[in-house]
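The values are calculated or read from the model by the stated rules, or taken from the named source; none is laboratory data. As the structure is a prediction and not an experimental result, all values here were calculated from the model. Here the Cβ positions follow ideal geometry from the backbone for every residue, glycine too, while neighbour counts run over all protein chains shown.
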Amino acid sequence: MSLFQRPDVPGEEQQLESKGATFRKLHEEPGAFIIPNPWDAGTARILAAMGFRALATTSAGMAFSLGLAEGQVSKEDTMDHCRAIVAATPLPVSADLEKGFGDSPESAAETIQAAADIGLAGCSLEDHTGRRDDPIYDFTLAVERIEAAAQAGRALSQDFVLTARCENFLWGRPDLDDTIRRLQAFERAGADVLYAPGLHDLGLIRTVCGAVTKPVNIVMGMPGATFGLAELAEAGVKRISVGSALARLAFGSFVRAAREMRSEGTFRFSQEAMGFAELEGFFTGSTRV
């Protein structure tokens, strides 16, 4: 069977269930695994061809690809984007759905249902309100939102992996005690994976992992210290994502090339471009990695 061919299963529901179950099993294997973040169908297919076993969307990478700032993409465009990533490969996909499509626990539950309906194997919901003047949900509301989302996930006919995010460290609140308190509450509320982006110290990461019993996702590729797969696994991390880092790397190369053309009138950037045949090979199945 071709890498990008849809599996031959009796029905769509069974296929979705298989993706969710496959994704959950990745979190039960020894060590840690990398879940990279494509920002369109092409990058999703390249990552699949390279042997990654699951993918995650990036809300920032999605927004940049649409010419928007992060947090400005509509629900309809977000779901269309996720649908395209899901359809691009047979791999399980977890979506970065930011706070979901509303502030209430009911809206969190509706987000889970909508995510499952388009074939996602999981998604993350965060406690960031989307408002810079009041960036983090009240503790009680944050927990109620995850509890409602977890209940909605358990009610689905297929397996679905819910990741609960505490955004303190990204929004000027580097309070480790409150971060752990929230992650522990999210765990009790039914989250399957826990995530506190913005941790740049291996000791902090180890402390967070030791404070909970569910798998922990850590993001690498943000400004600050980065650690390797082996170091993070030793600290107790189960899943490693890169957020918008791959998209920012690609956009950075694009902007540097454009600046060279505009300011110098030269085209040296093309010497670093991937060859046409090699790139096309990712989409025809002929590239060997």
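List of remarks:
- Residue that is surrounded by fewer than 14 Cβ atoms within 10 Å (Cβ to Cβ) and in contact with a helix residue (DSSP H, G or I) (Cβ under 9 Å, 6 or more places away or on another chain), where the choices are Phe283, Phe227, Phe267, Phe276: Phe267
- Yes/no for Ala250 being among the aliphatic types (A, V, I, L, M) and either out of contact with any Phe, Trp or Tyr (no Cβ under 6 Å at 6 or more places or on another chain) or part of a loop (DSSP other than H, G, I, E, B) (or both): yes
- Complete set of residues in the stretch 110-146 that are under 20 Å from the mean Cα position of the chain (by Cα) and assigned to a helix (DSSP H, G or I): Glu110, Thr111, Ile112, Gln113, Ala114, Ala115, Ala116, Asp117, Ala142, Arg145, Ile146
- Of Glu76, Glu110, all but one fail to be surrounded by fewer than 20 Cβ atoms within 10 Å (Cβ to Cβ), without any contact (Cβ under 8 Å) to a residue 24 or more places away in the chain and closer than 26 Å to Glu147 by Cα; the exception is Glu76.
- Taken over the stretch 82-129, the criterion of being farther than 26 Å from Ala44 by Cβ and either in contact with an Asp or Glu (Cβ under 7 Å, 6 or more places away or on another chain) or β-branched (Val, Ile, Thr) (or both) is satisfied by Pro105, Asp127, Thr129.
- Sub-7 Å Cβ pairs linking a first residue in the stretch 87-101 that is under 17 Å from Ile136 (Cβ atoms) to a second residue that is buried (at least 22 other Cβ atoms within 10 Å of the Cβ) and at pLDDT below 95, at least 6 apart or interchain, number zero.
- Residue that is outside any helix (DSSP H, G or I), within 18 Å of the chain's Cα centre (by Cα), modelled with pLDDT of 95 or more and among the hydroxyl-bearing types (Ser, Thr, Tyr), where the choices are Thr226, Thr213, Thr266, Thr163: Thr163
- The condition of being touching a Pro at 6+ places or on another chain (Cβ under 7 Å) and either surrounded by fewer than 23 Cβ atoms within 10 Å (Cβ to Cβ) or charged (D, E, K, R) (or both) holds for only one of Arg181, Arg154, Arg145, that being Arg145.
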